[in-house]
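All of the numbers you see were taken from the coordinates with simple rules; none came from a lab. Everything numeric here is computed off the predicted structure, so don't read it as measured data. Glycine gets a Cβ as well: all are built from the backbone with ideal geometry, and neighbour counts include every protein chain shown.
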Amino acid sequence: MPDEKDQRSPTCTACGLILSDCICPDLQPVDPGVEIRLLIHNTEFFRQSNTGRLAHLLLKGSQIVPYGAREQPLDPEGLAPAGRSGFLLYPGPHAEVASEETLKNIQDPFLVVLDGSWSQTRNMYQRNPVLHGLRKLSLPPGPAAVWTQRRPPGPNQYCTLEALILLMDALGKSELSPALWQALKLAQARLLRQRGLQH
């Protein structure tokens, strides 16, 4: 059983918070203008501190691709169809810094985002050659992380939704940010309240 799930209170199957703190009615989904595929590690999916599911609820047209379950092996073609221009948000020496020029003149692009702990996402990348063929994107230097439910291992490292907000900003889609930041901050406030750290 996921260690963060409150077994005494039923939880929302969408946002993952207990039903009395469900934020689904307050969400304002936005159109990112690019197809986003969230490769979510199966041990992360039901954690309340996971923001991949929240990103899926907020970003119209996004898809969840489960990862790590034995009964549901990863379909490389389903994740990264041949003949299409794919990008992977994954920092490293060979990644290009995302900018407004990144997707210009690219027909039918898609974006893959790895969702898990930092060690899990490294393993996900290393074990799946299909990801190696995607163009790597990194974020430009940004602000301190807002999401405090997990401690990042270093600066300029963010939870999945926060990374996507900063990526949309870098791609010239900053008009999406207010609704996304509002949802992230609301989810954090509800989590803190559940844990008795905020009233």
> What is the helix-to-structure angle for 177-194, meaning the angle in degrees between its Cα long axis and the longest Cα principal axis of the chain, kept from 0 to 90 and rounded to the nearest 10?
Replying inline: 40
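How much net charge surrounds ASN123 when only other residues with a Cβ under 15 Å from its Cβ are counted (Lys, Arg +1; Asp, Glu -1)? Don't skip to the end; give the middle numbers.
On the way: positive: ARG122, ARG127; negative: GLU44, ASP115.
Around ASN123, the charge tally is 0.
Working from the alpha-carbon coordinates of the chain, get Rg over Rh, Rh being the Kirkwood radius. The partial results should precede the final answer.
On the way: Rg = 16.5 Å, Rh = 17.4 Å.
Radius of gyration over Kirkwood radius for the chain works out to 0.95.
How high is the relative contact order of the chain? Use alpha-carbon pairs under 8 Å, at least six apart in sequence, and give a whole percent. Intermediate values should be presented prior to the final figure.
Working: 303 pairs, mean separation 45.8, N = 199.
Dividing the mean separation by the residue count of the chain yields 23 percent.
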> In what sequence do PHE87, PHE46, PHE110 fall when counting other Cβ within 10 Å, fewest first?
Replying inline: PHE46, PHE110, PHE87
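Can you give the calculated 222 nm mean residue ellipticity of the chain, where each DSSP H run of n ≥ 4 adds -39,500 (n - 2.57) and the sum is split over every residue, rounded to the nearest 500 deg cm²/dmol?
Working: 6 runs with 53 residues, N = 199.
Taking each H run of at least 4 residues, the total per residue is -7500 deg cm²/dmol.
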>> Output wanted: per-residue J couplings in Hz (rounded whole) for the stretch 130-142, from phi through Karplus 6.51 cos²θ - 1.76 cosθ + 1.60, θ = phi - 60°, x for Gly and Pro.
In response: 4, 6, 5, x, 8, 5, 7, 10, 10, 8, x, x, x
> Once you put a point 7 Å from the Cα of ARG193 and another 7 Å from the Cα of THR148, both along the Cβ direction, what distance in nm separates them?
Replying inline: 1.7
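Defining a contact as two alpha carbons under 8 Å apart and six or more residues distant in sequence, what relative contact order in percent does the stretch 1-110 show?
Numbers: 122 pairs, mean separation 26.1, N = 110.
Here the relative contact order equals 24 percent.
Residues with beta-carbon under 14 Å from that of ILE23, excluding ILE23: net charge, scoring Lys, Arg +1 and Asp, Glu -1? List each step's numbers first, then the result.
Numbers: positive: ARG53, LYS185, ARG190, ARG193; negative: ASP21, ASP26.
Once positives and negatives cancel, what remains is +2.
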